[in-house]
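The values are calculated or read from the model by the stated rules, or taken from the named source; none is laboratory data. No experiment lies behind these values; they were computed from the predicted model shown. Here the Cβ positions follow ideal geometry from the backbone for every residue, glycine too, while neighbour counts run over all protein chains shown. The protein model used for the area step is the full one, side chains on, heavy atoms only, and it has no ligands, DNA or RNA in it. Shrake-Rupley method; radii C 1.70, N 1.55, O 1.52, S 1.80 Å.
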Amino acid sequence: MAVKPWGGRFGQGTDALVEAYTESVSYDRRLWRQDIAGSRAHARMLAKQGILTGEEADTIVGGLDAVAAEIEAGTFMWQVGLEDVHMNIEARLTELIGPLGGKLHTGRSRNDQVALDFRLYADEALGDWGDCLKGLVEVLVDRAGEHTETLLPGCTHLQPAQPVSLAQHLLAYAAMFKRDFERVADARKRVRVSPLGAAALAGTTYPLDPLYTAEAVGFETAFTNSMDAVSDRDFAAEGLFCASLIMMHLSRLCEEIVMWANPRFGFVALPDAFATGSSIMPQKKNPDVAELMRGKTGRVYGSLVSLLTTLKGLPLAYNRDMQEDKEPFFDADDTVRASLRIMAEMLKVIGFRAERMREALSAGFLNATELADFLAARGLPFREAHHVAGRAVALAESRGIGIEALSLAELQELSPLVDADIFHTLAYETAVARRSARGGTGPTPVAAQLAELRQWLTLP
Ligand code: ARG
């Protein structure tokens, strides 16, 4: 059985069930790089402050390098009895360099160590989500650029509403993922704060220099309150909220892909490499990637709620409950990274079927608003114009045709304000082209969105 660092006051070893129940090394070993980086920085700071000699710090850092090499090589013996990644690494360090290894923990507690490791991990994770988000926006912008002239029914309530360009539709998602990028970048600022030097909870009697340690791990600043430093996990909750929004946005897009792949829509052709078949129905080509992503969204929300719930009743400062913070975060991290990557790859090659989208425009009276606007422009109060257009819809519907297929005489019977110009106005292309005000689906505002996003993508 492993010797515990707290052995001094204990007369009995840990019960095997307790050991299995309390250990975290089975998953927090994922933090080994961060743990070693934090220890290196701490050792250097101790030497700078005269708490260790330069030679002692060199030996400790050399020992940490040796431990890192063993972990990297897969020869490191992880021990559940040593509970977590921190004690496993420290124990091995002491085996390698002798009692000097024990000096590393001067002015430090696992409470600040775990907070630092988790922050370093989250910083990297959020950085990667940001890169993935940019990659996805880039693909959306590219595909939107190919489809500025492709029109499809824009929906509200999932019912045909007004024609829009496919570019406009795709750029809506680009706008969401750009905001996600900005949200993640902002959250990252609050992650990049070093808790090292808080010691267990009350600060330390050693003359530590937390700002130096912070800089040594690559963070801009250090904690301002020792109790907050060891008990704050809002950085992780905020990260998980960002992850949840990313997944929510992905999930909405997935829902559309699933629908669009149905032959009733037929708006997309799934590439074989991004679809799966059925073991019984030979004709099937299923959008499993989009479905699974939609499904995994629930799992990421679960991680957010899990962490928030873990934290909600905790008195200050560190509580062991907080060990439950890491697994949900790791799981959400894996899910978000993989989902963003695969969505970008899938969108690169997905086939948009412009002819099917075009055909779909003829169902659902997508140009009824144009008729109402046409009459309103000729002086009819909009409410009345809306009513007249409604009657045109009813008439066309009873004959199984579109409004544009009604004759001029029929339309004039509904309102004498109608003239031959109406047919140009009712054309779907006209409806789209006329929406030229900021943010609309017309070619000018779509070009402006494309230009703005392309410019944003070039920013570092
Ligand atoms: N494994 C612990 C965690 O993940 C590390 C900190 C433990 N500190 C303590 N005093 N038990 O939170």
Among the residues of the stretch 292-307, how many are touching a helix residue (DSSP H, G or I) at 6+ places or on another chain (Cβ under 6 Å) and not β-branched (Val, Ile, Thr)? 8
From the options Asp117, Asp131, residue that is without any contact (Cβ under 8 Å) to a residue 12 or more places away in the chain, part of a helix (DSSP H, G or I) and under 26 Å from the mean Cα position of the chain (by Cα): Asp131
How about the stretch 278-392: which helices (runs of 4 or more DSSP H) wholly inside it have at least 2 residues that are over 23 Å from the mean Cα position of the chain (by Cα)? 354-360, 368-377
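Residues checked against (1) basic (Lys, Arg); (2) open to solvent by 30 Å² or more (accessible area, probe 1.4 Å):
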{"residue": "Leu314", "(1), (2)": "no, yes"}
{"residue": "Arg320", "(1), (2)": "yes, yes"}
{"residue": "Arg337", "(1), (2)": "yes, yes"}
{"residue": "Ala385", "(1), (2)": "no, no"}
{"residue": "Glu397", "(1), (2)": "no, yes"}
Here the qualifying pairs (Cβ atoms under 7 Å; residues six or more apart or on different chains; first in the stretch 75-95 and over 11 Å from Lys4 (Cα atoms) and in contact (Cβ under 8 Å) with a residue 24 or more places away in the chain; second among the hydrophobic types (A, V, I, L, M, F, W, C) and within 12 Å of the ligand (Cβ to nearest atom)) come out as Trp78/Val25; Val80/Val25; Asp84/Val25; Val85/Val25; Val85/Leu31; His86/Val114
Odd one out for Pro287 among (1) at pLDDT below 95; (2) touching a strand residue (DSSP E or B) at 6+ places or on another chain (Cβ under 9 Å): (1)
If I ask for residues that are open to solvent by 10 Å² or more (accessible area, probe 1.4 Å) and of a type in the set (Val, Ile, Thr), which ones from the stretch 79-124 would you list? Val80, Thr94, Ile97, Thr106, Val114
How do the helices (runs of 4 or more DSSP H) wholly within the stretch 143-242 filter down when requiring 1 or more residues that are more than 30 Å from Lys48 (Cβ to Cβ): which remain? 166-191
Lone unmet requirement of (1) open to solvent by 10 Å² or more (accessible area, probe 1.4 Å); (2) closer than 30 Å to Asp331 by Cα; (3) not β-branched (Val, Ile, Thr) for Pro210: (2)
Matching residues, the stretch 310-341, being within 22 Å of Thr276 (Cα to Cα) and either within 12 Å of the ligand (Cβ to nearest atom) or in contact with a Leu (Cβ under 9 Å, 6 or more places away or on another chain) (or both): Val336, Ser339, Leu340, Arg341
Could you grab me the full set of residues in the stretch 20-74 that are free of Cβ contacts under 8 Å to residues at least 24 places away in the same chain, more than 20 Å from Arg108 (Cα to Cα), assigned to a helix (DSSP H, G or I) and small (Gly, Ala, Ser)? Ala69, Ala73
Considering only residues that are touching an Asp or Glu at 6+ places or on another chain (Cβ under 9 Å) and open to solvent by less than 30 Å² (accessible area, probe 1.4 Å), look in the stretch 223-234 and name the one that is farthest from Tyr121 (Cα to Cα). Ser226
Can you tell me which residues in the stretch 1-19 are charged (D, E, K, R) and over 18 Å from Arg108 (Cβ atoms)? Arg9, Asp15, Glu19
Just to be sure, is Tyr301 within 16 Å of the ligand (Cβ to nearest atom), modelled with pLDDT of 95 or more and either over 29 Å from Leu31 (Cα atoms) or not charged (D, E, K, R) (or both)? no
Counted residues in the stretch 300-312 being touching an Asp or Glu at 6+ places or on another chain (Cβ under 8 Å) and surrounded by fewer than 15 Cβ atoms within 10 Å (Cβ to Cβ) come to 0
Give me the pairs, please: first residue somewhere in the stretch 186-212 and under 15 Å from Thr106 (Cβ atoms), second residue anywhere and open to solvent by 40 Å² or more (accessible area, probe 1.4 Å), beta-carbon distance under 6 Å, and either six or more positions apart or on two chains. Ala198/Phe223; Tyr206/Ile51; Pro207/Gln49; Asp209/Gln49
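A quick yes/no check of all residues on (1) in contact with a helix residue (DSSP H, G or I) (Cβ under 8 Å, 6 or more places away or on another chain); (2) at pLDDT below 95; (3) polar (S, T, N, Q):
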position: Thr53; (1), (2), (3): yes, no, yes
position: Asp84; (1), (2), (3): yes, no, no
position: Gly98; (1), (2), (3): no, no, no
position: Arg119; (1), (2), (3): yes, no, no
position: Gly145; (1), (2), (3): yes, no, no
